[in-house]
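The structure under discussion appears below in the form of structure tokens.
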Amino acid sequence: MPQTHFSVQYQPIELAFASGKDYADPFNDVELDVVFTSAGRTLRVPAYWAGGLEWRVRFSAPEAGEYEYH
């Protein structure tokens, strides 16, 4: 289900996600992208493994506004 975040132009945010599965080799077993959408524009940003079951993504909006992500 998409989530919504209001972003300020060029101000980085970091979002965390919890995996429902533990991977033996997350660097090679998982490819995770977060898709941000605003005003018809779609941006795909790769997430990174932060240890354990946690994944994170850093995003800096090219324009201020409301962004949906999933």
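The values are calculated or read from the model by the stated rules, or taken from the named source; none is laboratory data. This structure is a prediction, so every number in the text was calculated from the model and none was measured. All Cβ positions, even for glycine, are placed from backbone atoms using ideal geometry, and neighbour counts span all protein chains on display.
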Condition set surrounded by 14 or more Cβ atoms within 10 Å (Cβ to Cβ) and not in a strand (DSSP E or B), scope region 24-70, selection modelled with the lowest pLDDT: answer is 26
**Request:** Consider residue 50 carefully, then state whether it is within 11 Å of the chain's Cα centre (by Cα), on the phi < 0 side of the Ramachandran plot and small (Gly, Ala, Ser).
**Result:** no
Filtering region 1-23 down to residues that are in contact with an Asp or Glu (Cβ under 9 Å, 6 or more places away or on another chain) and surrounded by 12 or more Cβ atoms within 10 Å (Cβ to Cβ) yields 5, 7, 17, 19, 23
